[in-house]
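The values are calculated or read from the model by the stated rules, or taken from the named source; none is laboratory data. Source: prediction; values computed, not measured. All Cβ positions, glycine included, derive from the backbone under ideal geometry; neighbour counts span all protein chains shown. Keep in mind that these areas ignore ligands, DNA and RNA; they rest on the heavy atoms of the full protein, side chains included. Shrake-Rupley method; radii C 1.70, N 1.55, O 1.52, S 1.80 Å.
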Amino acid sequence: MTFLDIAPFANALVLGLSIASIWLIAAIGLTIIYGTVGVINMAHGEFIMLGAYTSYALQSSLGLPFLLCLPASFVVVALVGLIIERGLIRYLYNRPLDTLLATWGVSLVLMQGVRLIFGSDPKYIAVPEIFQSNVEVGFASLSVFRLVVLAITALIVAATGYLFYRTRFGMQVRAVMQNKEMAASFGINADRVYMITFALGAGLAGIAGSLFGVLAIVLPTMGTAYVVQAFLVVVVGGGTLMGSVAAAGLTGELQSVFAFVTNDTFARFLLYVLIVVFLRFRPRGLFAVAKGRR
């Protein structure tokens, strides 16, 4: 294989990592909510959309630098998630069909609310000039902003892993996941754990939306496409943090390689077929969540 043959394939592999990081950012908040609370949040895509519109509003009206828009989006969307959890979701735990319907309704409300406030015309989030260049990584050429996305993804995964596996709150979360009643007997407030976890997952979706808003246009319906990929990552990963990391990396690389050999549309088709076959033989995913929740 000559250099000319290697370079495009290397580009495809590096692009696969970039795709994986994007899918993982979208999936990590969903993983936290599903893995801890057991709620399949149909409004997660709209949380992503709210993060994008938050960054757009802060950047266009206040002139806030993009890097400061990221934590601001986390806070704003986390507060929205907290309000939704306290006002609706907490009454529907252990009722999966009801939560599906309720969160789907919330997604429609959020989507229409954004349309009323911002309109349906596309919006754009400006990327800082420092991130607009390309760099050479071995045989591959990659935009600086995609490298920033990779770095932010790694930081989010590391921070989330530390929170859930190295802190007292993480120990409480794992205890509630295993047995809610037993955890309560040791003085752990499961209701508070669920509230914080749901808000945290929503806030991470807000960060994802801010990043996606730079890579694509900002629309009220933008969350739909991202949440489909997020659900695939969560399902293949089995609803765990490390499972989502592995699933995002695997699916991102597979799609990129398939797209290199064929085209993007057929690559998605092949990827979905492989996911269906995989789930047929391993329905609980790569790393299944622990049994005995609540």
Checked the stretch 33-45 for anything open to solvent by less than 10 Å² (accessible area, probe 1.4 Å) and more than 11 Å from residue 208 (Cβ to Cβ); matches are 33, 35, 36, 37, 39, 41, 43
Of the residues 72, 102, only one is under 27 Å from residue 18 (Cα atoms) and either open to solvent by less than 80 Å² (accessible area, probe 1.4 Å) or assigned to a loop (DSSP other than H, G, I, E, B) (or both); which?
72
Test: residue 94 is in contact with a Ser or Thr (Cβ under 7 Å, 6 or more places away or on another chain), surrounded by fewer than 17 Cβ atoms within 10 Å (Cβ to Cβ) and more than 16 Å from residue 200 (Cα to Cα)
no
Cβ-Cβ below 7 Å, separation at least six or inter-chain, first residue in the stretch 119-135 and over 20 Å from residue 222 (Cβ atoms), second modelled with pLDDT under 80: which pairs?
134/141; 134/142; 134/143; 135/142
Go through (1) crowded, with 22+ Cβ neighbours inside 10 Å; (2) within 22 Å of residue 239 (Cβ to Cβ); (3) under 18 Å from the mean Cα position of the chain (by Cα) for residue 50 and report which single condition fails.
(2)
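Residue-wise test of (1) more than 21 Å from the chain's Cα centre (by Cα); (2) farther than 24 Å from residue 227 by Cα.
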{"position": "122", "(1), (2)": "yes, no"}
{"position": "151", "(1), (2)": "no, no"}
{"position": "183", "(1), (2)": "yes, yes"}
{"position": "188", "(1), (2)": "yes, yes"}
Among the residues of the stretch 249-278, what is the count of those that are modelled with pLDDT of 85 or more, open to solvent by less than 30 Å² (accessible area, probe 1.4 Å) and farther than 30 Å from residue 174 by Cα?
1
All but one of (1) modelled with pLDDT under 90; (2) surrounded by 17 or more Cβ atoms within 10 Å (Cβ to Cβ); (3) part of a loop (DSSP other than H, G, I, E, B) hold for residue 246; which doesn't?
(3)
